[in-house]
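These notes concern the structure reproduced below.
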C-alpha cells in the first residue's frame, strides 16, 4: 500500500515512508485512524449511538451475531482438545500449538487493541475484516483437532458432514442476500435477519440504490411523462449512487433526472439506514428492495 500511496511520497519530498518530524507516513496514518474524529451515529442494540457512546462489548456482540454458526462452533469445539492438551502433562510447546498461537494473535490481537484503546468504531466491524481469515482458520483448526480426538471413523465423518452442512447453509444465505452479503446475521444468536433488523445496522453501504435505480429505469413510468424527476433520502447519501445508473435514457426514451432545489420529485428512493425497523408513514410505496423479508430501500411516490 505504501508504494502507491501519494501521501507517503509527497509528504517527504520523494523520500518515502519514514522521515521527520512525525516519524513517517505509516505512523501518521496509524495515529490518525486510531483516533478518527467521526461524528456520525451507529444503530446498535436498537439505539442510535455516537461512536463515543458505543459499549466495550460492541465488537464482540457483532462478531457473535454476524459470524456464521459453523465458525462459532469451531471455536467452542477447539477449546476441548486445548483443555485436554494442557492437562495431559505432555509438552504444550509444539509446532502445532505455536502455529495456532500465531493465528490466534493475528485474529484477536487487533480486536483487543481496539477495545483497550477505545478507538472509534462505526458501521459494523468492516474496519477489522482482516481479522476474519485468521479467525475462520482457527475455527477450522478447532474442528479438526476435536475430530482427531475420536478414533472411530464414523464419528469423524458425522462431524465433518455436520460442519460441512453449516458451511453450505451459510453459502445458501449468501446467495439469498446477494449482493448485500454484508447484512448477514446468524440464526443461532441473532435470530436471523428479521430479528436482527430491530437491533443492528443493516444496509449501511447504500448499494441497494443500484437495484432501485435499475428497477425505476426498467419499470417505472407515468402516463404522458417523458422526464421523471427523482430524489434520494437521507440527505447524506452520495447522489452518484443512483445518478450513475439513471444518466442514460431508458430504452423507450424516458429520461430520469434528479430533482434540483425547488423542484418537486415524482418519486423518492428512501434508504432505510439507521431506521430500518421503522415503517414509512408517508407516500405510496411502489417498490421495495428487500432480502429475506427485510426491506432495505423503498421507492415511494409522495
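The values are calculated or read from the model by the stated rules, or taken from the named source; none is laboratory data. Remember, predicted model here, so these are calculated numbers, not experimental data. Heads up, the Cβs are rebuilt from the backbone with ideal geometry, glycines too, and the neighbour counts pull from every protein chain shown.
Of all the numbered requirements in (1) under 30 Å from residue 143 (Cα atoms); (2) touching a helix residue (DSSP H, G or I) at 6+ places or on another chain (Cβ under 7 Å); (3) modelled with pLDDT of 80 or more, residue 42 misses one, and that requirement is (1). Restricting 90, 95, 175, 156 to those that are surrounded by 14 or more Cβ atoms within 10 Å (Cβ to Cβ) and more than 30 Å from residue 53 (Cβ to Cβ) reduces the list to 156. Within segment 286-296, does at least one residue satisfy the condition of being surrounded by 20 or more Cβ atoms within 10 Å (Cβ to Cβ), in a loop (DSSP other than H, G, I, E, B) and modelled with pLDDT of 90 or more? Within segment 286-296, not a single residue is surrounded by 20 or more Cβ atoms within 10 Å (Cβ to Cβ), in a loop (DSSP other than H, G, I, E, B) and modelled with pLDDT of 90 or more.
Here residue 263 fulfils each of the conditions (1) touching a strand residue (DSSP E or B) at 6+ places or on another chain (Cβ under 9 Å); (2) at pLDDT below 95; (3) under 22 Å from residue 124 (Cβ atoms) apart from (3). Inspection of segment 85-94 finds no residue satisfying the criterion of being closer than 30 Å to residue 159 by Cα, modelled with pLDDT of 90 or more, in contact with a helix residue (DSSP H, G or I) (Cβ under 8 Å, 6 or more places away or on another chain) and assigned by TED's automatic domain parsing to the domain that holds residue 141.
For every residue, the table says whether it meets (1) out of contact with any strand residue (DSSP E or B) (no Cβ under 9 Å at 6 or more places or on another chain); (2) on the phi < 0 side of the Ramachandran plot; (3) at pLDDT below 70.
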| site | (1), (2), (3) |
| --- | --- |
| 8 | yes, yes, yes |
| 18 | yes, yes, yes |
| 21 | yes, yes, yes |
| 37 | yes, yes, no |
| 53 | no, yes, no |
| 59 | yes, yes, no |
| 75 | yes, yes, no |
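Restricting attention to segment 180-210 and to residues that are buried (at least 18 other Cβ atoms within 10 Å of the Cβ) and under 14 Å from residue 299 (Cβ atoms), the residue that is nearest to the chain's Cα centre (by Cα) turns out to be 208. Considering 78, 109, the condition of being in the same structural domain as residue 60 (by TED's automatic domain parsing), assigned to a helix (DSSP H, G or I) and within 30 Å of residue 53 (Cβ to Cβ) is satisfied by 109 alone. Residues in segment 134-168 that are assigned to a helix (DSSP H, G or I) and either over 15 Å from residue 74 (Cβ atoms) or without any contact (Cβ under 8 Å) to a residue 12 or more places away in the chain (or both): 144, 153, 154, 155, 156, 157, 158, 161, 162, 164, 165, 168.
Restricting segment 236-255 to residues that are under 15 Å from residue 297 (Cβ atoms) and over 22 Å from the mean Cα position of the chain (by Cα) leaves a set whose member that is surrounded by the fewest Cβ atoms within 10 Å (Cβ to Cβ) is 245. Within segment 261-280, take every residue that is within 28 Å of the chain's Cα centre (by Cα) and farther than 17 Å from residue 196 by Cα and give me the one that is surrounded by the fewest Cβ atoms within 10 Å (Cβ to Cβ). Per the stated criteria, the residue is 280. Taken as a whole, the condition of being surrounded by 19 or more Cβ atoms within 10 Å (Cβ to Cβ) and modelled with pLDDT under 95 does not apply to residue 258.
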